[in-house]
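The values are calculated or read from the model by the stated rules, or taken from the named source; none is laboratory data. Predicted model only: the values in this text are computed from it and were never measured. Cβ: placed from backbone, ideal geometry, glycine included. Neighbour counts: every protein chain shown.
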């Protein structure tokens, strides 16, 4: 099947969705020597750095993941449902940065880019911590939280692009599968501990950390975690990639988009990622719905909710890593899409405390944020990894209106309208995911297939 994609609009000239799984068009092969030049020592070292970095990130999950805690904080500051969804919307919008900034980061500095990104993240967390404890108005504090979501979207978007670039240049496919199994299987246990700790703080378990010092303490913990990740990332060992002459930024973006849009599976992966994000953006509303579902204030349950969310994420992380090693990169994409859809469907129909299971399903499905980009690696030569990851990340800013839409639907029609919207977007994403090729022929030819 030939894919015809006009260079500017990227619109299919023929059938929008094929009846059978998408065929893979010709793609540049990863050099067949890649598995040979990535030594076992590099494979273990880079996988370990990735794993420990995620342990630190998960320990500070309440502030690294912009949704439930930020919505509860904005609610505490007197914001309505739509404004409480603004931090998540701003976070998504900030992820437009990689497609522009990737042009200016040469291959030899990709590791240093990860270090710098986390240094900036640490400084950002510290700034929000200070803003919360200063005697400022609630409006200014709300603006600080929303602005933090925007800037964190920029830094986390870049971090994801270049962490995956480091893995793509420093690990074999099987090495990445092992790293994912550890990072997303064991790592979320740290998020459970961090979430329970945050709930202890928010419930005034430490008497001198009354509001707003309780929320400020969470951001201080995030500062320390981000600084630790920056230090670890400086130890990545990468396979050298020959530098290339890059055109001016506008032409670079157009050429990158043109190249990406010629590959049918990557186009549908991008659309599926957008739909997955649109469903995931119901998470702040899930937190706020606790007041209606159980008669409890969101702040009193946000830590427990995160613990449940990341506990299920830990279980799912182990099995998704096993799926990747056993059956390849597509099945986790299908599974995570189905899980987030199940979360919104369950929230829509479940009574009372059974409603909390929606957070577990959403947490498990949240790993799509790792496995959609992982699938894209199968269609990227080493020099294309950062570029293709940056384009895939455009799904995040494209989905930036989704949290506001969830909030607006709730304001007008009630929470169940938001959950219905999330269920529909997940169903459409699942329809696309099952039509993706199971494997990349380029990876198979290069001797890096992920099957047994």
Exercise. Considering only residues that are touching a residue at least 24 places away in the same chain (Cβ under 8 Å), in a loop (DSSP other than H, G, I, E, B) and out of contact with any helix residue (DSSP H, G or I) (no Cβ under 6 Å at 6 or more places or on another chain), look in region 197-219 and name the one that is nearest to residue 121 (Cα to Cα).
Key: 211
Practice problem: Could you tell me which of the residues 222, 228, 194 is in contact (Cβ under 8 Å) with a residue 24 or more places away in the chain, at negative phi, assigned to a helix (DSSP H, G or I) and within 18 Å of the chain's Cα centre (by Cα)? | Solution: 222
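Residue-wise test of (1) over 30 Å from residue 240 (Cβ atoms); (2) touching a residue at least 60 places away in the same chain (Cβ under 8 Å).
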{"site": "349", "(1), (2)": "yes, no"}
{"site": "364", "(1), (2)": "yes, no"}
{"site": "375", "(1), (2)": "no, yes"}
{"site": "404", "(1), (2)": "yes, yes"}
{"site": "414", "(1), (2)": "yes, no"}
Exercise. Go through (1) within 18 Å of residue 188 (Cβ to Cβ); (2) touching a residue at least 40 places away in the same chain (Cβ under 8 Å); (3) surrounded by fewer than 21 Cβ atoms within 10 Å (Cβ to Cβ) and name the single condition residue 335 misses.
Key: (2)
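Each row is one residue, and each column tells you yes or no for (1) surrounded by fewer than 24 Cβ atoms within 10 Å (Cβ to Cβ); (2) at pLDDT below 80; (3) more than 18 Å from residue 367 (Cα to Cα).
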| position | (1), (2), (3) |
| --- | --- |
| 144 | yes, yes, yes |
| 150 | yes, yes, yes |
| 176 | no, no, no |
| 180 | no, no, no |
| 224 | yes, no, yes |
Quiz item: Could you list, in sequence order, the residues of region 161-188 that are part of a helix (DSSP H, G or I) and more than 15 Å from residue 236 (Cβ to Cβ)?
Solution: 173, 174, 177, 178, 180, 181, 182, 184, 185, 187, 188
Exercise. Check region 271-286 and report whether any residue there is in a helix (DSSP H, G or I), out of contact with any helix residue (DSSP H, G or I) (no Cβ under 9 Å at 6 or more places or on another chain), modelled with pLDDT of 85 or more and surrounded by fewer than 20 Cβ atoms within 10 Å (Cβ to Cβ).
Key: no
Quiz item: Could we say that residue 291 is without any contact (Cβ under 8 Å) to a residue 24 or more places away in the chain and either closer than 22 Å to residue 421 by Cα or surrounded by fewer than 18 Cβ atoms within 10 Å (Cβ to Cβ) (or both) here?
Solution: yes
Quiz item: How many residues, within region 231-264, are farther than 22 Å from residue 379 by Cβ, in contact (Cβ under 8 Å) with a residue 12 or more places away in the chain, over 23 Å from the mean Cα position of the chain (by Cα) and part of a helix (DSSP H, G or I)?
Solution: 1
Practice problem: Tell me which residues, restricted to region 48-83, are modelled with pLDDT of 85 or more and either under 19 Å from residue 212 (Cα atoms) or outside any helix (DSSP H, G or I) (or both). | Solution: 60
Quiz item: Regarding residue 267, is this residue modelled with pLDDT under 95 and more than 23 Å from the chain's Cα centre (by Cα)?
Solution: no
Practice problem: Answer yes or no as to whether residue 392 is surrounded by fewer than 22 Cβ atoms within 10 Å (Cβ to Cβ) and either on the phi < 0 side of the Ramachandran plot or without any contact (Cβ under 8 Å) to a residue 40 or more places away in the chain (or both). | Solution: no
Quiz item: Is it true that some residue in region 402-422 is outside any helix (DSSP H, G or I) and within 21 Å of residue 365 (Cβ to Cβ)?
Solution: no
Quiz item: Going by the conditions given, is residue 195 at pLDDT below 85, surrounded by 23 or more Cβ atoms within 10 Å (Cβ to Cβ) and farther than 17 Å from residue 49 by Cβ?
Solution: yes
Exercise. Could you check residue 261 against (1) buried (at least 24 other Cβ atoms within 10 Å of the Cβ); (2) under 27 Å from residue 158 (Cα atoms) and say which number it fails?
Key: (1)
